[in-house]
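Notes for the one structure printed next.
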Amino acid sequence: MAAPQKIVIIGPAHPIRGGLAAFNERLARELIAQGHEVDIHTFSFQYPGFMFPGKEQYTSAPAPAGLRIKRSVHSLNPLNWRKTGLAIRRQRPDMVIVAFWMPLMAMSLGSLARIIRKNGHSRIVGLVHNLIPHEKRPGDAVLTRYFVNSCHAFITLSREVLSDIRQLTDKPAAYAPHPVYDHFGDRLPAPEARRHLGLDEHGKYLLFFGFIRHYKGLDLLLQAMADPRIRAIGDLRLVVAGEFYEDRKKYEPLIGGNVKIVSDFIPDADVKYYFSAADLVVQPYRTATQSGISQMAYHFEKPMLVTDVGGLPEIVPDGKAGYVVQPDPTAIADGILRFLEQPAGRFDAFIREQKLLYSWGHFVKTLESLQ
């Protein structure tokens, strides 16, 4: 985007919390840094309380400085879609980036896009995190197609999602890897981070980070931690840091003495302590497209153990940035043991080199190709 443009991002942002909000806010900062005028339209109402699986949708942290964020979108109110869509249409932005991650949002986001594009000027680009949901429901296909048909072009964060889009449309679409989340602060010395978290400075630590749902496979990892070979390593611990988005009770019988659970949403200011304290970040997912957790691990220069699902092996090459295993407790335990057998720093050079490829500048250049 050589010339400055007027750009609107539609999707979660402050005061909504979580990875999608973090992504949109960081993208806005990169666009602003490149000279563009950016507004973010976030939700005034996102999910009904009974549909939201976590404890709280919103953060009490102050609004991010330097960003224009408007709470204008109601996910379930067609009158709101018309009002908000007409307001954005009159502004005639050059590009409207619409974040899409689940079919539930297709009616609101697809309707907004249809209204805005009638100005004959605005280019609608779907920023597709997931096209096919991890947890399927009746009507998903119809809703997803409604959104896809409303856009001019698409950018995806994994080749798998790009392939999914190609099953529905031949409109312009491009893949750009999920950029590194670099707004959580710098990596700390492991002993310092462990002291802050009340952990033994001299232990070995695995980290499972992020919200907990069935598809993320925490139960597989907990079963791996019960493997006799893992239990025999007396100073090895798993730290699970994230909010339960389903009933915790089904996990309780699997939680052994070598597991520490921090069952809360982790504020941005505390993320650096968990990643800095870890020796290995483990993502035992049953299904995946891509994962912001991998990019957080890259930022903090931590090796990863991921399962061979979705786009995870694209981001974590086996034997280079960590290990890729099957989504099975024994295979996960094997991968952990394989990692522990390696000398300290075995993956550091590759991770630092690879980290440079996941820049926000590259992501914006891919957006430019869709103009």
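The values are calculated or read from the model by the stated rules, or taken from the named source; none is laboratory data. For clarity, every value in this text was computed on a predicted model and none was experimentally measured. Positions of Cβ are backbone-derived with ideal geometry, glycine not excepted, and every protein chain shown enters the neighbour counts. Please note that ligands, DNA and RNA were not included when accessible areas were found on the heavy atoms of the full protein model with its side chains. Shrake-Rupley method; radii C 1.70, N 1.55, O 1.52, S 1.80 Å.
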Plugging the Cβ-Cβ distance of residue 32 and residue 169 into 1/(1 + (r/R0)^6) at R0 = 41 Å yields, to the nearest 0.05, a FRET efficiency of 0.85
Applied in sequence order to segment 244-261, the curve 6.51 cos²θ - 1.76 cosθ + 1.60 (Karplus, θ = phi - 60°) yields integer Hz couplings, x standing for Gly and Pro, of 6, 9, 8, 4, 5, 4, 6, 8, 3, x, 8, 7, x, x, 9, 10, 10, 9
So the carbon and sulfur contribution to the accessible area of segment 276-356, 1.4 Å probe, in percent, is 48
Using alpha-carbon positions, the gyration tensor of segment 194-255 gives root eigenvalues a ≥ b ≥ c; with a/c under 1.5 called rounded, otherwise prolate if a/b exceeds b/c, else oblate, the class is oblate
Probe 1.4 Å, heavy atoms of protein chains only: per residue, the accessible area of the chain in Å² is 42
Expressed in µm² per second, the diffusion coefficient of segment 221-308 from the Stokes-Einstein equation, with Rh the Kirkwood radius over alpha carbon pairs, at 10 °C and 1.306 mPa s, is 111
Of all trypsin sites (Lys or Arg not before Pro) in segment 126-218, the ones in DSSP coil with at most 13 other Cβ atoms within 10 Å are 136
For the table 70/216; 118/171; 136/365, the rows whose alpha-carbon distance is greater than 27 Å are 70/216; 136/365
In a Gaussian network model of the chain with springs linking alpha carbons closer than 10 Å, the residue among 292, 85, 185 that fluctuates most is 185
Most packed first (mean Cβ within 10 Å per residue), the peptides 62-72, 355-365 order as 355-365, 62-72
Sorted on mean Cβ neighbours within 10 Å (highest first), peptides 330-341, 90-101 come out as 90-101, 330-341
The extension gain from residue 91 to residue 145, computed as 0.36 nm times the residue separation minus the Cα-Cα distance, is 16.8 nm
Checked against the positive end of the charge dipole of the chain (+1 on Cβ of Lys and Arg, -1 on Cβ of Asp and Glu, about the Cα centre), the farthest of 116, 183, 64 is 116
Answer in debye to the nearest 20: the dipole magnitude of the chain about its Cα centre, from +1 Lys/Arg and -1 Asp/Glu charges placed on Cβ, is 1500
Of every hundred units of 1.4 Å-probe accessible area on segment 76-134, the number belonging to carbon and sulfur atoms, as a percent, is 55
The equivalent-ellipsoid semi-axes of segment 247-363, taken as the square roots of five times the Cα gyration tensor eigenvalues and listed largest first in whole Å, are 23, 18, 15
For segment 204-317, the dipole about the Cα centre with charges only on Cβ (Lys and Arg +1, Asp and Glu -1), to the nearest 20 debye, works out at 280
Here, residue 356 and residue 247, labelled 7 Å along Cα→Cβ, have an inter-label distance in nm of 5.1
Computed about the Cα centre, the charge dipole of segment 22-180 from +1 Lys/Arg and -1 Asp/Glu charges at the Cβ has a magnitude in debye, to the nearest 20, of 580
Here the equivalent ellipsoid of the chain, derived from its Cα gyration tensor, has semi-axes (largest first, whole Å) of 37, 21, 20
Within the under-12-Å Cβ sphere about residue 129, not counting residue 129, Lys/Arg +1 and Asp/Glu -1 give a net charge of -2
In whole µm²/s, the translational diffusion coefficient that Stokes-Einstein assigns to segment 1-150, given a Kirkwood hydrodynamic radius over C-alpha pairs, 25 °C and 0.890 mPa s, equals 156
Projecting the Cα atoms of 326, 24, 306 onto the charge dipole of the chain, where Lys and Arg contribute +1 and Asp and Glu -1 at Cβ, the residue farthest towards the positive end is 24
Per the helix-only model, the chain has a calculated mean residue ellipticity at 222 nm (DSSP H runs of ≥4, -39500 (n - 2.57) each, divided over all residues, rounded to the nearest 500) of -10000 deg cm²/dmol
